[in-house]
Structures are given as structure tokens and as C-alpha cells.
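Trainee: Sharing a structure below in C-alpha cells format, with a few things to ask.
The values are calculated or read from the model by the stated rules, or taken from the named source; none is laboratory data. Since we're looking at a predicted model, the values are computed, not measured. Counting neighbours? That spans all protein chains shown, and the Cβs are built from the backbone with ideal geometry, glycine included. For accessibility, only protein heavy atoms count, side chains too; no ligands or nucleic acids. Shrake-Rupley method; radii C 1.70, N 1.55, O 1.52, S 1.80 Å.
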Amino acid sequence: MSLVLDVRDATKVYGAGETAVHALRGVSLQVEPGDYVAIMGASGSGKSTLMNIIGCLDVPSAGEFHLDGVDVGALDDRRQAVLRNRKIGFVFQSFNLIPRMTAVMNVELPLAYGGVRPAERRRRALAALELVGLADRVNHQPNELSGGQQQRVAIARALVNSPALLLADEPTGALDSTSTLDVLGIFDRLSAAGRTIVVITHEADVAEHAKRVVRLRDGRIIEDTRLAPVDGLPPRLKEVTA
Amino acid sequence: MSAVEIVRFAFRGLAANKMRSALTTLGILIGVAAVILLVAVGEGSSQSIQRNIQQLGANTLTVSSSTGGGGGFRMARPQQDGGPRTQARPLTVDDARALADRTAAPHVSSVSPVVSATSQAASYEGASHAVQQVVGTYPSYFEASNKPVAKGTYFFNDDVLAARKVVVIGQTVAENLFGALDPVGRQITITGVPFTVVGVLKEAGATGGFQDADDVAIAPLPSVQQSLTGFGPLDQILVKAGSADDVAAAQAEVTSVLDQRHGVGGAVAADYQILNQATLQETVSAATSTFTVLLAAVAAISLLVGGIGITNIMLVTVTERTREIGIRKAIGAPRGAILGQFLVEATLLSLIGGLLGVAIAVTGAQFTIAGITPVVVPSSVVLALGVSVAIGLFFGSYPANRAAKLRPIEALRFE
Ligand SMILES: Nc1ncnc2c1ncn2[C@@H]1O[C@H](COP(=O)(O)OP(=O)(O)O)[C@@H](O)[C@H]1O
Ligand SMILES: [Mg+2]
């Protein structure tokens, strides 16, 4: 079976000389289609660094990295932009919606850069917002939405292009418990629908929703546990849909 | 990502900060309007000066005595013409007669001796008016100086010979003395001497100069000499050449006749000067174009300052929106789309400013500015608009490029 994600011996060094920080010291990670992976670790263990590399936002200092069969290191700037647009949906801890643009305009943005026609774009954006339960908030700007609602808009934006891989860096880190449950419910349902998801978290509660948990410490993977089979349902789907 | 889309993003970007966009636009607006308007003022004044010169009459030479200078030199000069000359010889009616000699000066078609008196009090019944210039001359003066009569007639050679007290007055004089009345046939007094008005000159119109060309009164030479100036030297001799091609030949003839009569030659400098309309026109147009270039340079500087304003605003905008750029890149915006958005923003700012500037300049050019009717030069409009757009592209490209080159993670981490 072809892998969605294949990272081999990735390292990342920030800075140089005496002040150099080794954020990743040789990480290898394979993710199959349909898997739901939680990456855990203490603060500073290199989770975000790994995620930024997987999301093509940053480049590794060394190592190889294939995304959906494509060797990312070999791509030029323009092709990487296309890859980010088509294959990856990114959800940030701090939402990162564009201010002064309504929810639906934010969600449409990846489609606009992908060259989708306006009418089709609007239809798909509204469908994505519907999926995250925000059909009644489409014309609100980010500053008119709660944190949980903003994060759901961000998830809709990440999903709207049907990416091969959904990445989320501490998506619930800035949310209260109710909103956290909303977001986890969305992820669990997406996973049940067959999406490939990688979530970063330092909360065990959140990690328990995944089918597989990977632990990082000091830039190395120290543990890789499977909680549910790749083609099965996420372990706590029943709770969130109840 | 279509071009329309990029323009839409750019508009949205500008609308997000209306005050700042408006102020930047204002900078370009002022620059463009200044360029067009100042060039228009320069062109307007140049055209009005040219018109004034042409109004003096085509194909004419104005001979006048040189005043001052060279006197001491002449005193040291050896004897000549049967007596020492201790000063420059004035221009006389005899000089004028010699110039009218067909054999000595075949290219000269008419000669008009001129005396003039300034600010002479004229009155008619209750009304009075200080006439700026009272001219005593021959009938040929009207044609040579391009002063056609609108009402009545000129005076004739008979009037000159008989020293009749007849006068042709300009529009300003007619209005001030007679109002709506027809002046022809009525008697006015000029410094107490009665003159009969025989004609009124055609209006010369606003000329933008210091003098009102319509504030004149023209009478036969001896009449003016008798009553106002006395029988002293002439102020000028107006010489008209047969045609434009004859002006140079006529000037040579006038020079040789006068040189002979005034004993000029060898070490003796001329005691008169000849003003040629063509040379005058060239000199003046050279001067006015320098003036126009100077105005344009000042205006160009303000346009440049407007351009620096755009760079500054775009730099601030890019810095302020670095995070937004990071987000856009993270969701797959290619470099070209980011570059395009900021370039279009900068270009829109300068284009809108430029178009408003053109509108304001063209409106402003409808009014008289400092006594000058501006004449909009189309090439200055094209240039100012072109330069303002080029400024937008040029000064916008640095910040835009900087924004587009950022790696997504660098942009996202930016605080
Ligand atoms: N841009 C950077 N420059 C220098 N050091 C960095 C940078 N980003 C992260 N680091 C360092 O790399 C290490 C891993 O950071 P990060 O991946 O953000 O950890 P986590 O997300 O697990 O908390 C930390 O020691 C952090 O200080
Ligand atoms: Mg982190």
C-alpha cells in the first residue's frame, strides 16, 4: 500500500555553531492512508518542527520526505505551493484566519489559489462550513466568532480542498473543554470517513482519540503505539457522536 | 488564480486601510496635478508671450537709440563728419526718411517714426482717464504694428502734413471715456489739447503682460510733438519689411543706412539698436521653455516624494501583513499571486492618485492662475500618468518581492 507520508531520518538544526539547537535528531515516520496519528511530547520536544516540515512550511536540514508519493525535497518553490494547496490541510493552534474576511471567504481562499471557479468555490466552501456545523455563521468575520468557531472555520478551510493529509498543530490548545470536544468530534468523524489525520498534542485526553500515538522526546521518536487498526474506527468515536 | 482575482484581493487589501490608502493616493495626486498644472501654466505664459510678440506686428524691425554706455569712448574718437561727436546722435525724422528711400533700402516696405508719451490725462465731458501710452506716428504704423481699426478710420498722410488734432483710441480708452457712446467724431482733450476721435482700435485682448495693449491713443506725429512731447528725438522707428523672407535683408539695409548717417564704423560703436521680431521671439521662447522646464522639475520632485510615500506605505503594509502572507502561503498561494497582489495594490494606489490628479489639474487649468490662462499639454498628462504608474510598479516591487520571497514558516512566525 502506498504511504501518504514517508519521512526518513529527518533532522532539523536551528542556528549554527555553539548556539545551534537540534530540534529533530533523525525522525522516521510512515503514515498509511486512513490513519489517525497523534504526536505527543513535552514542550520543546520538536513536535511543531516536525509538523512544519510535513506541512511543507519549512525544510529539513537533512533527510528525505515523500508526501503522497512525491519527493518534496526535489520540488521548486512553485510546485511546493501547489502541493500545499492540493495535498495538505493545515490547522494551527492560533487559528490563523485572515482578518476582515468573512468565514466563507476564508474557506474559499485555498480554492481561489487552486484556480476553482467562483460558483463552485462558494458551493464547496458552504459545504465545508456545513460539515463543521457553522452553516449559520458563514458571513461573520473572525473577530465576530468565538475561539471554537474560529477553529472550526480553520478546519473547514483545511478540508475544503479534500487534501490527502490533514495536519493539526495543537488544534485544541487555545480552546475550552466544550469547544475541544466539538473539534475532536469533527476529527473523529473525518477519520471515520476515511481521512488521513496527524494531530499534535501534549494532552493525553486528546491523544486517546487517535488510532495511533507517537511520542517524541528531544527530537527523537521514543514510542509508537497503535490504539486501533488503520482501517477501523477511531477509538472514541462513539463518545463524541453520542 | 486569475488576474481578476488578484485585482480583487488588491482592492480588498486597500479597502482594509482606507485612511492610509487615501493619504498615499493624495501624495501621488498632488504630484501628478502639480506636474500637469505647472507645465500648463508655463505653456500658457509662453503662448501668451508669443502672442504678444506677434501682436507687435510681423516682419517688423524696431529701431531705437541706445541709451547710455560708450559715451566716453565716443568722445575719444577722432574727428569725423566735420565736427567732434560728444554724444550719441538721436533718431530723427530725417533718419526715417532716409530709410524710406527705395533705392537705399529696397526691402523696406514702410517706415513709421514714433514718439510716445506715457500716462497722459485724457478727458471727455465729465469722464477722465490716464492713457497709458499716447503715440505720435505715421499712418503706416497701424499696419506695421498690427493694430487694425474696428470703428471709424485711421488718420491719413494729409492729417500728418497738416498736423491735425485727430486721434485713434484703444478699447480701454474708449470704454473709460465714452462708456457705451460711439466715440467716433467726438472731441476729447489730452493734457488740455483737444483731439477729434476718428477711429477705435480693435480690441487686442488680454495679453498677460504688464501693459494693457488697449490703453493707447495714436495721433499724427507732428500733432503729438506739438502738444505733448516737443520736437525732440524720436523714440523709435518702426520698419516693416516686404515679407518674412525680406526681414534679414531689410535689417542689413537699415543698418547700413543708419551707420552711414550716424558715422558708425571702425572703432565707432552703433548708437542705435535694431530689434528683430524673429530674434526676439526666439530669445523669449528659449527663456520661457527654461521656465517651463524649471516648473516641471519642481513638480517632478513632488511626484518623486509621492513615490517614496508609496514605497513607505507598501513596506509598512507588507510588514504589518506578514502573518497574513504566511497564512496565504501555508494554504498554497504561489509566489506570483502574493507578488501580484502587492504590486497591483501599489499600482492601484498610484493609478487612482494619478487619474484624480489629472482630473484636478484639468479642472484647475480652466481657471486663470496668476494672470495666466494655463494650457494643458497632452504629453504632460501622458507623462505624469505614466510616471505615476511606473512609480507604483517600481517602488511597489521592492516590498512586494520581499513579501513574496518569504518562506511560509518565517512569515507565520513573524510577530
Ligand atoms: N525558529 C526557531 N529558531 C530556533 N530554535 C527554534 C525555532 N523553532 C523551534 N526552536 C527550538 O526547537 C526546539 C523544538 O521546538 P518545537 O518544535 O516548537 O517544540 P514543540 O512544538 O514540541 O514544543 C525547541 O528547543 C525550540 O526552542
Ligand atoms: Mg509546538
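Trainee: Output the residues belonging to segment B:348-374 that are open to solvent by 30 Å² or more (accessible area, probe 1.4 Å), in contact with a helix residue (DSSP H, G or I) (Cβ under 8 Å, 6 or more places away or on another chain) and modelled with pLDDT of 85 or more.
Mentor: Selection gives B:Leu351, B:Ile352, B:Leu355, B:Leu356, B:Ile360, B:Val362.
Trainee: Looking at segment A:218-241, is at least one residue in contact with an Asp or Glu (Cβ under 8 Å, 6 or more places away or on another chain) and in a strand (DSSP E or B)?
Mentor: Checking segment A:218-241: not a single residue is in contact with an Asp or Glu (Cβ under 8 Å, 6 or more places away or on another chain) and in a strand (DSSP E or B).
Trainee: Go through A:Gly26, A:Gly114 for me and flag whichever is more than 14 Å from chain B (Cβ to nearest Cβ) and either within 16 Å of ligand 1 (Cβ to nearest atom) or surrounded by 15 or more Cβ atoms within 10 Å (Cβ to Cβ) (or both).
Mentor: A:Gly26
Trainee: Kindly list, by first and then second residue, each pair from a residue in segment B:246-275 that is over 16 Å from B:Ala104 (Cβ atoms) to a residue that is hydrophobic (A, V, I, L, M, F, W, C) and exposed (fewer than 14 other Cβ atoms within 10 Å of the Cβ), limited to pairs with Cβ atoms under 9 Å and residues at least 6 apart or on different chains.
Mentor: Correct list of pairs: B:Ala267/B:Phe73; B:Val268/B:Phe73; B:Ala269/B:Phe73.
Trainee: Check segment B:303-313 and report whether any residue there is more than 16 Å from ligand 1 (Cβ to nearest atom), under 27 Å from the mean Cα position of the chain (by Cα) and open to solvent by less than 50 Å² (accessible area, probe 1.4 Å).
Mentor: yes
Trainee: Which members of segment B:321-337 meet the condition of being facing chain A (nearest Cβ under 8 Å) and either free of Cβ contacts under 8 Å to residues at least 40 places away in the same chain or closer than 20 Å to B:Val4 by Cα (or both)?
Mentor: Once the filter is applied, which keeps residues that are facing chain A (nearest Cβ under 8 Å) and either free of Cβ contacts under 8 Å to residues at least 40 places away in the same chain or closer than 20 Å to B:Val4 by Cα (or both), segment B:321-337 yields B:Glu324, B:Arg328, B:Lys329, B:Ile331, B:Gly332, B:Ala333, B:Pro334, B:Arg335, B:Gly336, B:Ala337.
Trainee: Test A:Leu67 against the criterion of being of a type outside the set (Gly, Ala, Ser), away from ligand 2 (no atom under 16 Å from the Cβ) and either modelled with pLDDT under 90 or out of contact with any strand residue (DSSP E or B) (no Cβ under 8 Å at 6 or more places or on another chain) (or both), and give yes or no. Quick ask: steps written out before the conclusion?
Mentor: Values: of a type outside the set (Gly, Ala, Ser): yes; away from ligand 2 (no atom under 16 Å from the Cβ): yes; either modelled with pLDDT under 90 or out of contact with any strand residue (DSSP E or B) (no Cβ under 8 Å at 6 or more places or on another chain) (or both): no.
Answer is no for this residue.
Trainee: Here's something else I'd like to know. Could you go through segment B:221-233 and let me know if any residue there is open to solvent by 10 Å² or more (accessible area, probe 1.4 Å), within 20 Å of B:Leu280 (Cβ to Cβ) and modelled with pLDDT of 85 or more.
Mentor: no
Trainee: Now for a separate question. On the given criteria, is A:Leu126 more than 16 Å from ligand 1 (Cβ to nearest atom) and either in contact with a Phe, Trp or Tyr (Cβ under 9 Å, 6 or more places away or on another chain) or in a loop (DSSP other than H, G, I, E, B) (or both)?
Mentor: So A:Leu126 does not fit the description; no.
Trainee: With the structure loaded, tell me whether B:Ser289 is in contact (Cβ under 8 Å) with a residue 40 or more places away in the chain, within 28 Å of the chain's Cα centre (by Cα) and surrounded by 15 or more Cβ atoms within 10 Å (Cβ to Cβ) or whether it fails that test. Can you show your working first?
Mentor: Working: in contact (Cβ under 8 Å) with a residue 40 or more places away in the chain: yes; within 28 Å of the chain's Cα centre (by Cα): yes; surrounded by 15 or more Cβ atoms within 10 Å (Cβ to Cβ): no.
No: the conditions fail for B:Ser289.
Trainee: Take the residues in segment B:368-415 that are of a type in the set (A, V, I, L, M, F, W, C), within 16 Å of ligand 1 (Cβ to nearest atom) and outside any helix (DSSP H, G or I), then tell me which one is nearest to B:Ile325 (Cα to Cα).
Mentor: Going through the qualifying residues, I end up with B:Leu406.
Trainee: Next question, about the same structure. Counting only residues that are open to solvent by less than 50 Å² (accessible area, probe 1.4 Å) and more than 20 Å from the chain's Cα centre (by Cα), which one in segment A:71-103 is nearest to A:Lys12 (Cα to Cα)? Give the derivation first.
Mentor: So the first thing to find is which residues in segment A:71-103 are open to solvent by less than 50 Å² (accessible area, probe 1.4 Å), and the list is A:72, A:75, A:80-81, A:83-85, A:88-92, A:95-98, A:101-103.
Next, only the ones that are more than 20 Å from the chain's Cα centre (by Cα) stay: A:75, A:101-102.
Numbers: A:Leu75: 19, A:Met101: 35, A:Thr102: 37 Å.
Restricting to residues being open to solvent by less than 50 Å² (accessible area, probe 1.4 Å) and more than 20 Å from the chain's Cα centre (by Cα), the top hit is A:Leu75.
Trainee: Just checking, how many residues over segment A:29-64 are open to solvent by less than 10 Å² (accessible area, probe 1.4 Å) and free of Cβ contacts under 8 Å to residues at least 40 places away in the same chain?
Mentor: The qualifying residues number 2.
Trainee: One residue is enough: does segment A:57-70 have a residue meeting the conditions within 11 Å of ligand 1 (Cβ to nearest atom) and under 16 Å from the mean Cα position of the chain (by Cα)? Before you say what the answer is, go through the steps one by one.
Mentor: Initially, segment A:57-70 is screened for residues within 11 Å of ligand 1 (Cβ to nearest atom), giving A:58.
Cutting the leftovers down to under 16 Å from the mean Cα position of the chain (by Cα) gives us A:58.
Yes: segment A:57-70 contains one or more residues that are within 11 Å of ligand 1 (Cβ to nearest atom) and under 16 Å from the mean Cα position of the chain (by Cα).
Trainee: A follow-up question, please. Consider A:His202 carefully, then state whether it is within 16 Å of ligand 1 (Cβ to nearest atom), of a type outside the set (Val, Ile, Thr) and assigned to a loop (DSSP other than H, G, I, E, B).
Mentor: yes
Trainee: Among the residues in segment B:5-18, are any surrounded by fewer than 23 Cβ atoms within 10 Å (Cβ to Cβ), part of a loop (DSSP other than H, G, I, E, B) and in the same structural domain as B:Leu294 (by TED's automatic domain parsing)?
Mentor: yes
Yes/no per residue for (1) at pLDDT below 95; (2) closer than 21 Å to A:Pro163 by Cα:
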site: A:Leu184; (1), (2): yes, yes
site: A:Arg189; (1), (2): yes, yes
site: A:Ala192; (1), (2): yes, yes
site: A:Val206; (1), (2): yes, no
site: A:Arg215; (1), (2): no, no
site: A:Asp231; (1), (2): yes, yes
site: A:Pro235; (1), (2): yes, no
site: A:Lys238; (1), (2): yes, no
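Trainee: When the residues of segment A:9-23 are narrowed to those that are touching a Ser or Thr at 6+ places or on another chain (Cβ under 7 Å) and of a type in the set (Val, Ile, Thr), which ends up farthest from ligand 1 (Cβ to nearest atom)?
Mentor: A:Thr11
Trainee: Right, here's the next one. Can you tell which of A:Thr196, A:Thr180, A:Thr201 is surrounded by 14 or more Cβ atoms within 10 Å (Cβ to Cβ), polar (S, T, N, Q), within 16 Å of ligand 2 (Cβ to nearest atom) and under 22 Å from A:Phe92 (Cβ atoms)? Talk me through it step by step, then tell me what you get.
Mentor: Values: A:Thr196 fails: within 16 Å of ligand 2 (Cβ to nearest atom); A:Thr180 fails: within 16 Å of ligand 2 (Cβ to nearest atom).
Just one listed residue meets the conditions, A:Thr201.
Trainee: Within segment A:34-43, is there a residue that is farther than 23 Å from A:Pro234 by Cβ, within 16 Å of ligand 2 (Cβ to nearest atom) and away from chain B (no Cβ under 14 Å)?
Mentor: yes
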